[in-house]
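One structure is given below, encoded as structure tokens.
The values are calculated or read from the model by the stated rules, or taken from the named source; none is laboratory data. Keep in mind the model is a prediction, meaning the values are calculated, not measured. Reconstructed Cβ throughout: ideal geometry from the backbone, glycine too, with neighbour counts over all protein chains shown. To get the accessible areas, we keep the full protein, side chains included, count just its heavy atoms, and leave off ligands, DNA and RNA. Shrake-Rupley method; radii C 1.70, N 1.55, O 1.52, S 1.80 Å.
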Protein chains: 6
Amino acid sequence: MSDQKQLWLTSLKTSNPQEGFELAIKLSRMGVKSTQPDVDVLKRLRPKYAKNEAGLTAASQVIALNFQTISAANDYWK
Amino acid sequence: MSDQKQLWLTSLKTSNPQEGFELAIKLSRMGVKSTQPDVDVLKRLRPKYAKNEAGLTAASQVIALNFQTISAANDYWK
Amino acid sequence: MSDQKQLWLTSLKTSNPQEGFELAIKLSRMGVKSTQPDVDVLKRLRPKYAKNEAGLTAASQVIALNFQTISAANDYWK
Amino acid sequence: MSDQKQLWLTSLKTSNPQEGFELAIKLSRMGVKSTQPDVDVLKRLRPKYAKNEAGLTAASQVIALNFQTISAANDYWK
Amino acid sequence: MSDQKQLWLTSLKTSNPQEGFELAIKLSRMGVKSTQPDVDVLKRLRPKYAKNEAGLTAASQVIALNFQTISAANDYWK
Amino acid sequence: MSDQKQLWLTSLKTSNPQEGFELAIKLSRMGVKSTQPDVDVLKRLRPKYAKNEAGLTAASQVIALNFQTISAANDYWK
């Protein structure tokens, strides 16, 4: 958990939608890390998961939820 | 991940709802690719997944979430 | 995918909530078709899925998400 | 599907939150019926499903999504 | 279902976020009861479910959705 | 449940997005505790769950939903 004590999220603002999408990916991963902070365990889990389409869809769903938040925070980059 | 470094999402604006739905599909796939960037692996997974109705419903759910974002960004094409 | 090239979604506006709900159902199905465009495969999958309550609930969830979008687009038919 | 041709959703307005919650339950069931319109099949599936806590939670999730829509439509009964 | 005929949800307003969270928990349980109104069945299901972390996460997800609704109804207790 | 009687959620306001994310994690865990208040049981379940990528993704999804609420409550820290 110690790496979450570091400053990693100072703003939800990004310069464009694509950077917003990348921030959404980051938030999704930090959500995973909050439950499993051991990076070595995550690295062992990842390869198997990344070959499981249901898992990939679930990961994409979390990103979609976080992208909703980031998009609203950026007023949809209007 | 290198293909995400390319510029692929410059705006959430589309000319009509149908193009917005297509963009929602694209976002959903980019969410999948962020976890599994190897296109060959994705191509191997797709056929089996596409014959699994639960997987298809899950994919449709991610699209629905992204379509919410795109629709709001376009003020629902009012 | 060719049938998605056809114009099928020109507006999110409907005359009343019930037509909005029907449009939400349509969006949910188009989401499924974007991953599995082969109608024959979908027809084979449907009967089994429609006898699986977990699958039916999942389908209802996607409709609920799309109905949120359609309802907002119609200002909740106020 | 014939019963969906009937008029069953003319408004999202309800007189209070509880009636709104009941409407959310109705929308969730209509979402299920749109995939499986055969009431006899649904009646056979229900008892088993209703003894499965995961299924009950999933059903509650769909209701929660629809209740979000109904609540917004009623300006949260403020 | 008879217990749902009782008045149990007259307002989405609460005096603070914590009471709002408790109301979100209540809504989530009422969603479950709408599908399985038999309290004895629910009591039998609960202990096993409460030892299943996936089920606990799913329950937390429904609460999160209902808490979104309650929070908006209370203008986020600003 | 007794520990929920304690005051643990007096405000949704946080000084920055990162603290908001941490509050979202807390809400997600309180959602779990509302179904399983026995901390010893939760401690026994956690290690196994934290080695299951599907479970980690599901946990991240609940956090994403709660982060949507917290972000809106803080006007996205604009």
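Sort all Cα-Cα distances of chain D into consecutive 5 angstrom bins from zero, then give the percent of pairs in each bin up to the one containing the longest distance.
3, 14, 22, 22, 18, 14, 6, 1, 0
Using a 1.4 Å probe on the protein chains only, how many percent of the accessible area of region E:1-61 belongs to carbon and sulfur?
On the way: 1610 of 2990 Å².
That share works out to 54 percent.
Measuring from a point 7 Å out along Cα→Cβ, what nm distances, shortest first, does E:Arg44 have to its partners in the other copies?
So the label point of E:Arg44 gives 2.3, 2.3, 4.0, 4.0, 4.6 nm to the other copies.
Report Rg/Rh for the protein assembly as shown, rounded to two decimals, where Rg is the Cα radius of gyration and Rh the Kirkwood radius. Could you put the intermediate results ahead of the total?
Values: Rg = 21.0 Å, Rh = 22.5 Å.
When Rh is taken as the Kirkwood radius, the ratio is 0.93.
With a sphere of radius 12 Å drawn around the Cβ of E:Tyr49, what net charge do the other residues whose Cβ falls strictly inside it have (Lys, Arg +1; Asp, Glu -1)?
+4
If packing is taken as the mean number of other Cβ atoms within 10 Å per residue, what is the order of C:21-29, D:52-60, highest first?
My ranking of the peptides, most packed first, is D:52-60, C:21-29.
Relative contact order (percent) for chain F, with alpha-carbon contacts under 8 angstrom and 6 or more residues of separation? Before the final figure, lay out each step's value.
Numbers: 45 pairs, mean separation 38.3, N = 78.
RCO, chain F: 49 percent.
Mind jotting down a quarter of the surface of the convex hull over the alpha carbons of region F:18-62, in square nanometres, one decimal?
3.3 nm²
Between D:Ser11, D:Ala58, D:Ile70, whose Cα lies farthest towards the positive end of the dipole of chain D when Lys and Arg beta carbons carry +1 and Asp and Glu beta carbons carry -1, centred on the Cα centre?
D:Ala58
For D:Ser15, place a label point 7 Å out from Cα along the Cα→Cβ vector, do the same in each other copy, and report the separations in nm, one decimal, smallest first.
Listed shortest first, these distances are 2.9, 2.9, 5.0, 5.0, 5.8 nm.
Please give the per residue accessible area of chain C, computed with a probe of 1.4 Å over protein heavy atoms only, in Å². Show your work: numbers first, answer last.
Working: 3400 Å² over 78 residues.
Per-residue accessible area for chain C comes out at 44 Å².
In peptide B:21-33, what is the residue-averaged number of other protein chain Cβ atoms found within 10 Å of each Cβ?
What the average comes to for B:21-33 is 6.
Could you work out [θ]222 nm for chain A from helices alone, using -39500 (n - 2.57) per DSSP H run of at least four and dividing by all its residues? Round to the nearest 500 deg cm²/dmol. Could the numbers behind the result be given before it?
On the way: 4 runs with 55 residues, N = 78.
Taken over chain A, the calculation gives -22500 deg cm²/dmol.
If you take the accessible area of D alone, add that of C alone, and subtract the area of the pair, what total do you get in Å², probe 1.4 Å, to the nearest 100?
Working: alone 5920 and 5920 Å², together 9320 Å².
In total, chains D and C hide about 2500 Å² from solvent.
Note the angle between two axes, namely the Cα long axis of helix A:53-73 and the longest principal axis of the Cα atoms of chain A, as a number of degrees from 0 to 90, rounded to the nearest 10.
So the helix axis and the longest Cα principal axis differ by about 30 degrees.
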